[in-house]
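Participant: Here it is, the structure, as structure tokens.
The values are calculated or read from the model by the stated rules, or taken from the named source; none is laboratory data. Since this is a predicted model, take the numbers as computed values, not measurements. Neighbour counts are summed over all protein chains in view; Cβ atoms, including those assigned to glycine, are modelled from backbone coordinates with ideal geometry.
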């Protein structure tokens with residue numbers, strides 16, 4: 001009997017097209033190209049319609065046919081379907097007609113978009129018989145692996161740069177995960193994990209499980225289209241660490257077009273990085289199709305990947321969609337965080353500040369025309385990177401519990417507010 | 001004392017499943033040629049037609065990416081450890 005692989009057909013090398021069985025493996029033996037899941041779209045078309053999607057629970061798994069698990073998912077069933085917020089007040093500040101925030105700061109359970117990729121990777125890891133899961137992480141992924149593994153009793157090892165924000169470290173430890181701090185930057189953590197993954201029989205979500213894991217990001221794009229009333233946004237701004245999310249947003253739009261769930265339009269995907277770690281935007285702005293690795297130095301630690309695995313493909317997506325890119329300084333990142341918080345009541349982590357800051361620049365330069373509409377992908381929660389804004393958001397004023405003292409303090413402000 | 005090259009999983013079919021190979025060459029470029037002489041076919045997996053290290057291959061000497069050193073001209077000294085790692089990982 002043929003093995004049940006759900007709607008998946010095979011793993012296929014993006015470079016040479018060689019096919020491989022649907023195992024825990026991520027690179028082609030011949031050219032080291034990335035392996036990607038191939039689906040049976042003809043079969044998907046018969047079961048995935050707007051009606052079938054809308055009849056299902058409000059989670060990322062309502063697009064289950066397009067996610068790489070053979071059977072029903074077993075980890076992270078409540079992940080996704082985060083709010084798409086119409087951001088009129090921020091639109092005004094950035095000078096654009098219409099703006100939407102895809103708000104993954106409130107993704108379940110660990111408050112970042114990484115819950116999407118992890119629920120896929122761990123569901124698939126369980127199907128393949130793994131009992132230990134692991135990852136190389138700049139923080140959010142470690143939090144998500146730790147939380148989701150705990151929820152189903154998998155053993156978890158998470159590897160992080162040892163100088164991460166306290167919030168991100170505690171948010172992995174609390175779930176009982178084995179947290180290994182590496183004295184080095186993320187690229188060094190990643191290299192070590194690639195070597196560990198070759199030696200230990202673990203499911204490393206972003207190494208040997210990467211073909212499955214990365215597909216989870218597509219759900220963010222599916223949700224955006226459905227929440228816009230089955231439309232592709234004209235402009236999407238996405239922050240880039242490895243560049244994987246940006247490439248998967250494009251893939252999600254292309255798949256919905258292929259399945260006739262949305263109409264085809266010319267959409268542009270724009271990339272955002274921090275100036276202190278901008279290998280992809282630097283290459284994009286110079287018109288190159290390859291990037292030069294850098295040593296990161298930015299407060300946006302979740303984006304601090306100097307050798308981005310999907311940098312080459314992210315550049316390709318921006319070129320194909322006629323998108324552009326920008327990068328922003330640490331001060332501009334903090335301004336971006338504050339703008340989003342003050343105008344929309346959404347507290348994003350540093351990566352969100354990067355996306356807002358870059359959107360502001362792209363609108364100002366006309367690369368996103370002011371009479372258009374754009375979606376900003378906000379990927380993580382500000383409560384996890386408080387170190388970055390501590391001291392930059394003002395301080396509380398202290399007074400005695402005295403009405404007279406309060407009135408004296410407030411009178412000038414009340415006049416100004418009413419005036 | 002020779003230098004050690006750690007071989008990644010996708011290349012171990014070529015090295016009879018050896019995961020560490022010892023070489024005596026003085027640079028990364030020469031070490032790749034030395035590997036080829038002992039394990040024919042390995043060089044074309046690592047470098048392209050123009051002789052450049054392939055886009056999806058990262059090479060490290062003692063944990064440092066050779067692109068931050070002198071690429072294939074990076075000198076090797078006794079006891080150095082070289083890692084060959086698929087670039088597609090992480091993030």
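Participant: For the condition touching a residue at least 12 places away in the same chain (Cβ under 8 Å), more than 9 Å from chain A (Cβ to nearest Cβ), under 29 Å from residue A:137 (Cβ atoms) and surrounded by 15 or more Cβ atoms within 10 Å (Cβ to Cβ), what is the one hit in B:42, B:82, B:32, B:88?
Facilitator: B:82
Participant: Name, by its number, the condition in (1) touching a helix residue (DSSP H, G or I) at 6+ places or on another chain (Cβ under 9 Å); (2) at pLDDT 95 or above that does not hold for residue A:365.
Facilitator: It fails just one condition, (1).
Participant: Just the residues that are more than 9 Å from every other protein chain (Cβ to nearest Cβ) and modelled with pLDDT under 95, please, taken from region A:15-35.
Facilitator: If the condition is that a residue be more than 9 Å from every other protein chain (Cβ to nearest Cβ) and modelled with pLDDT under 95, then A:16 is the only one that fits.
Participant: Give A:19, A:5, A:29 a once-over and let me know the one that is over 25 Å from the mean Cα position of the chain (by Cα) and in contact (Cβ under 8 Å) with a residue 40 or more places away in the chain.
Facilitator: Answer to the selection: A:5.
Participant: Identify the residue in region B:1-23 that is surrounded by fewer than 18 Cβ atoms within 10 Å (Cβ to Cβ) and in contact with a strand residue (DSSP E or B) (Cβ under 7 Å, 6 or more places away or on another chain) and, among all such residues, is nearest to residue B:65 (Cα to Cα).
Facilitator: B:6
Participant: Can you work out which of the residues in region A:32-56 that are assigned to a loop (DSSP other than H, G, I, E, B) and over 24 Å from the mean Cα position of the chain (by Cα) is surrounded by the most Cβ atoms within 10 Å (Cβ to Cβ)?
Facilitator: Out of the qualifying residues, it is A:32.
Participant: Could you run through region A:169-184 and say how many residues are under 19 Å from residue A:242 (Cα atoms) and crowded, with 20+ Cβ neighbours inside 10 Å?
Facilitator: Here the count works out to 0.
Participant: Would you mind finding the one in A:382, A:336, A:352, A:357 that is within 13 Å of residue A:270 (Cβ to Cβ), crowded, with 19+ Cβ neighbours inside 10 Å and at pLDDT 95 or above?
Facilitator: After applying the criteria, what remains is A:357.
Participant: Something else now. Please enumerate the residues belonging to region A:174-201 that are farther than 22 Å from residue A:163 by Cα and in contact with a helix residue (DSSP H, G or I) (Cβ under 8 Å, 6 or more places away or on another chain). Break it down into steps so the answer makes sense when it comes.
Facilitator: So in region A:174-201, the residues farther than 22 Å from residue A:163 by Cα come out as A:197-201.
The one that is farther than 22 Å from residue A:163 by Cα and in contact with a helix residue (DSSP H, G or I) (Cβ under 8 Å, 6 or more places away or on another chain): A:198.
Participant: Any chance region A:234-248 includes a residue that's surrounded by fewer than 20 Cβ atoms within 10 Å (Cβ to Cβ) and on the phi > 0 side of the Ramachandran plot? Steps first, please.
Facilitator: The first filter runs over region A:234-248 and keeps only residues surrounded by fewer than 20 Cβ atoms within 10 Å (Cβ to Cβ), leaving A:234.
Within this subset, residues satisfying the condition of being on the phi > 0 side of the Ramachandran plot are none.
No, that holds for no residue.
Participant: Looking at region A:314-331 only, could you name the residues that are under 12 Å from residue A:272 (Cα atoms) and buried (at least 19 other Cβ atoms within 10 Å of the Cβ)? Walk me through how you get there before you give the answer.
Facilitator: At the first step, the residues of region A:314-331 found to be under 12 Å from residue A:272 (Cα atoms) are A:314-315, A:318, A:323-329.
Scanning region A:314-331 gives A:314, A:315, A:318, A:323, A:324, A:325, A:326, A:327, A:328.
For every residue, the table says whether it meets (1) within 13 Å of chain B (Cβ to nearest Cβ); (2) at pLDDT 95 or above.
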residue: A:144; (1), (2): no, yes
residue: A:152; (1), (2): no, yes
residue: A:155; (1), (2): no, yes
residue: A:166; (1), (2): no, no
residue: A:170; (1), (2): no, yes
residue: A:176; (1), (2): no, yes
residue: A:183; (1), (2): yes, yes
residue: A:186; (1), (2): yes, yes
residue: A:193; (1), (2): yes, yes
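Participant: Restricting attention to region A:57-85, report how many residues are more than 28 Å from residue A:127 (Cβ to Cβ) and either out of contact with any strand residue (DSSP E or B) (no Cβ under 6 Å at 6 or more places or on another chain) or surrounded by fewer than 16 Cβ atoms within 10 Å (Cβ to Cβ) (or both).
Facilitator: Count: 1.
Participant: Does region A:394-414 include one or more residues that are under 31 Å from the mean Cα position of the chain (by Cα), in a loop (DSSP other than H, G, I, E, B) and under 22 Å from residue A:92 (Cα atoms)?
Facilitator: For region A:394-414, residues under 31 Å from the mean Cα position of the chain (by Cα), in a loop (DSSP other than H, G, I, E, B) and under 22 Å from residue A:92 (Cα atoms): absent.
Participant: Please list, ordered by residue number, the helices (runs of 4 or more DSSP H) wholly in region A:231-325 having 1 or more residues that are within 14 Å of another protein chain (Cβ to nearest Cβ), out of contact with any helix residue (DSSP H, G or I) (no Cβ under 8 Å at 6 or more places or on another chain) and at pLDDT 95 or above.
Facilitator: By residue number, A:311-320.
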